[in-house]
Amino acid sequence: MNPFLESVATALRLIIELDPVLLAIVGRSLAVSATACALACVAGLLLGAWLAVARFPGRGACLTSLNTLLAVPSVLVGLLVYLLLSRSGPLGFLGWLFSFKAMVLAQALLVLPVAAALARQAIEDADQAHGEQLQSLGAGPTLRGLLLAWDERYALFTVVIACFGRAISEVGAVMIVGGNIDGFTRVMTTAIALETSKGDLPLAVALGVVLLLVVLLLNMAISLLRRWRMGRADAPLQTLQATP
């Protein structure tokens with residue numbers, strides 16, 4: 001059999017038979033990315049809501065810096081976390097280097113600017129449409145930001161899903177701070193890189209297929225949320241049109 005077809009066939013067998021090694025790596029990846037995404041989105045959404053309604057000197061520079069962080073390479077984030085957590089670093093006493101916590105921290109720092117920037121844009125657009133009305137009702141910046149965030153909750157759900165996709169597809173930072181230790185810190189992306197370099201293509205292909213399925217499900221979730229949001233927005237109009 002052709003080596004390529006043989007690798008694909010073996011990879012599909014690993015997925016169908018729920019290979020324990022495959023499941024362990026996938027489960028660890030989901031746990032790391034979900035934890036990092038939850039931490040980053042809590043802070044990022046609050047920061048984005050505040051930046052959307054706050055007006056202060058230097059706000060433009062702050063937004064420029066935030067947008068710049070969107071393009072920071074993951075390996076640079078990994079290097080920063082490594083320096084912080086290394087034995088000689090300021091957080092070395094925690095002993096987190098090459099651990100689950102280190103990978104969560106690295107991914108959270110990587111995803112935080114994404115959550116904050118996308119949330120700020122969504123809430124600021126809503127503020128331009130409804131902000132004056134809320135101000136006329138006596139809502140201050142904090143209350144206005146919270147109300148607009150709730151009004152844009154479906155858009156913010158999309159932001160959370162996008163952040164999870166960014167986290168789970170990242171490889172550089174978790175490889176640097178996690179060490180890619182078998183059974184402890186090996187996740188899908190780092191395992192794909194390692195198994196490919198070792199020539200163990202079936203496992204690498206199986207992990208790649210699972211990762212593609214996860215990304216596909218995330219994109220489907222985003223599309224469904226957008227359609228649901230548009231449907232809810234059109235519902236009042238449809239009701240009026242149906243009224244004789």
Between L216 and L5, the two model label points (7 Å from Cα along the beta-carbon direction) sit apart by a distance in nm of 2.2
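What FRET efficiency comes out for the pair L23/S88, r = Cβ-Cβ distance, R0 = 51 Å, nearest 0.05? Each step should come with its number before you reach the end.
Details: r = 37 Å, r/R0 = 0.73.
The formula returns an efficiency of 0.85 here.
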Output row, site L194, 7 Å Cα→C-beta label point, backbone N cut-off 13 Å, window the stretch 161-177, residues 174-177
If we sort 180-192, 9-21 on the protection proxy, mean other Cβ atoms within 10 Å, highest first, what's the order?
180-192, 9-21
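Want the number for L224 to S65: 0.36 nm per residue separation, take away the alpha-carbon distance, what's left?
Numbers: separation 159, 0.36 × 159 = 57.24 nm, distance 3.21 nm.
Working it through step by step, the gained length comes to 54.0 nm.
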Between the alpha carbon centres of the stretch 24-63 and the stretch 137-179 the gap in Å comes to 5
Radius of gyration and maximum dimension Dmax of the chain, Cα, Å
21.8, 75
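Given Cα pairs under 8 Å that are at least 6 residues apart, what percent is the relative contact order of the chain?
Answer for the chain is 30 percent.
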How many nm separate the modelled label positions at S136 and A31, each set 7 Å beyond the Cα in the direction of the Cβ?
5.4
Below 8 Å, C-alpha to C-alpha, sequence gap of six or more: please give me the relative contact order for the stretch 47-126 in percent.
51
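No value in this document is a laboratory result; all are computed from the given coordinates. Please read all numbers here as calculations on a predicted model, not as lab measurements. Please note: Cβ atoms are built from the backbone with ideal geometry, for glycine as well, and neighbour counts cover all protein chains shown.
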